[in-house]
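These notes are about the structure you will find just below.
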Amino acid sequence: MPSDRLVGLIDRLPTASGRVAVALTAIHALRAHTIRGTLLSDLNRSKGTLGVRGASGRQTRLVYLDDFTLSLIATMLKERAARWPHSTNPHLLVTRVTAHDPAGPQMSHKAFQYFFRCLGINAEQVRIDRILDEARATADPVHLMTVFGIAEDTAMDYLASAHPEKFHTDPIAP
């Protein structure tokens, strides 16, 4: 997604949380469940990184955040502190429902998808488009694997889609 279109989309969102959710999806190609499960402690603003958790719940890799995303996160954290100063929810993104829930649940899938419905786009398609855009800019599967945390086969599939002339394989003859 071109950055000018992304800024226009993000500006249409009514909440800072929504802007962060869309940026993390459209720029960093993070999945919805990954973003929803991100904890405040996963964010290191001074280093500009965000720890990404795997299925085990442990951090599996670091995402290096750009200045634009960091500024959106800073704005969101200020808004969060002003709206819910006593929130104990450990998640980066909270809603009015989850902010004061003593169990500290993550934002619901429905609440997360609301941000994208407001824009008329699909979160998973935005993620796919972002990875495909990067694949068009490079023919290096290791780069895609490192930046997006995807498997080798997945990286090769993206590269084959982005560069069919380079990655065309002939079917095996019987």
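The values are calculated or read from the model by the stated rules, or taken from the named source; none is laboratory data. All of these numbers come straight from a predicted model, not from anything done at the bench. A quick note on method: Cβ atoms are made from the backbone with ideal geometry, for glycine too, and the neighbour counts reach across all protein chains shown. Accessible surface areas use protein heavy atoms only, side chains included; no ligands, DNA or RNA. Shrake-Rupley method; radii C 1.70, N 1.55, O 1.52, S 1.80 Å.
Give me the one-decimal nm value for the distance between modelled label points at ASP129 and ALA82, 7 Å along each residue's Cα-to-Cβ direction.
For ASP129 paired with ALA82, the spin-label model returns 3.0 nm.
Pulled fully out, how much extra length does the chain show between ALA160 and ARG31, if you take 0.36 nm times their separation in residues and subtract their Cα-Cα distance? If you can, show how the numbers build up before the last one.
Numbers: separation 129, 0.36 × 129 = 46.44 nm, distance 2.17 nm.
The ALA160-ARG31 span can extend by a further 44.3 nm.
Compute, for HIS33, the solvent-accessible surface of its heavy atoms (probe 1.4 Å) with the complete set of protein chains present, and express it in square angstrom to the nearest 10.
We get 120 Å² for HIS33.
What are the ³J(HN,Hα) couplings of region 63-74, residue after residue, when phi is run through the Karplus curve with 6.51, -1.76, 1.60 and θ = phi - 60°? Round to Hz, x for glycine and proline.
Taking θ as phi minus 60°, the curve returns 9, 8, 8, 7, 4, 4, 5, 4, 5, 5, 5, 4 Hz for region 63-74.
Give the dimensionless ratio obtained when the Cα radius of gyration of region 72-126 is divided by 2.2 N^0.38 Å. All intermediate terms of the calculation are to be shown ahead of the outcome.
Details: Rg = 12.4 Å, N = 55, 2.2 N^0.38 = 10.1 Å.
My calculation over the Cα atoms of region 72-126 gives 1.23.
What is the spin-label model distance, in nm, from ALA139 to LEU70 if the labels are put 7 Å beyond Cα along the C-beta direction?
3.4
Nearest 10 degrees is fine. How inclined is helix 123-137 to the longest principal axis of the chain, computing both from alpha carbons?
It works out to around 50 degrees.
Given the DSSP H assignment, sum -39500 (n - 2.57) over each helix run of at least 4 residues in the chain and divide by its residue total; what's the result at 222 nm in deg cm²/dmol, nearest 500?
When only DSSP H runs of four or more count, the value is -15500 deg cm²/dmol.
Could you work out how much longer the chain between ASN122 and THR146 gets when fully extended? Use 0.36 nm per residue separation minus the Cα distance between them, nm to one decimal.
6.2 nm
How much of the accessible area of the chain, in percent, comes from carbon and sulfur atoms when a 1.4 Å probe is used?
Values: 5210 of 9680 Å².
Within the chain, the accessible surface is 54 percent carbon and sulfur.
Helix 109-119: angle to the longest alpha-carbon principal axis of the chain, degrees 0 to 90, nearest 10?
Compared with the principal axis, the helix lies near 70 degrees.
Write down Rg/Rh for region 80-166, rounded to two decimals, with Rg from the C-alpha atoms and Rh from the Kirkwood relation over Cα pairs. Please report the intermediate quantities before stating the final value.
Values: Rg = 18.3 Å, Rh = 15.6 Å.
Expressed as Rg/Rh, it is 1.17.
Could you report the accessible area of VAL97 in Å², rounded to 10, computed with a 1.4 Å probe on the protein chains as they sit in the structure?
Solvent-accessible area, nearest 10 Å²: 100 Å².
Here are a few candidate values for Kirkwood radius over Cα pairs in Å: (i) 17.2; (ii) 16.2; (iii) 18.1. Which one was actually calculated from the structure I just gave you?
(i)
Can you tally the net charge around MET145? Count Lys and Arg as +1, Asp and Glu as -1, for every other residue whose Cβ sits under 14 Å from the Cβ of MET145. Kindly include the intermediate steps, with their values, before the conclusion.
Working: positive: ARG61; negative: GLU134, ASP140, GLU152, ASP153, ASP157.
It works out to a net charge of -4.
Around THR25, under 12 Å between beta carbons, what's the net of Lys plus Arg minus Asp minus Glu among the other residues? Provide the component values of the computation, followed by the final result.
On the way: positive: ARG19, ARG31, ARG36, ARG127, ARG130; negative: GLU124, ASP129.
Counting the neighbours of THR25, the net charge comes to +3.
With all protein chains present and a 1.4 Å probe, how do ASP66, ASP153, ASP133 order by accessible area, largest first? Walk me through the numbers before you get to the answer.
Values: ASP66 50, ASP153 115, ASP133 70 Å².
Ranked list, largest accessible area first: ASP153, ASP133, ASP66.
Quick one: accessible surface of MET156, probe radius 1.4 Å, all protein chains present, in square angstrom to the nearest 10.
Its accessible surface works out to 70 Å², give or take rounding.
Once you keep just the Cα pairs under 8 angstrom separated by 6 or more residues, what percentage relative contact order results for region 89-174?
Details: 60 pairs, mean separation 14.6, N = 86.
Once divided by the residue count of region 89-174, the mean separation gives 17 percent.
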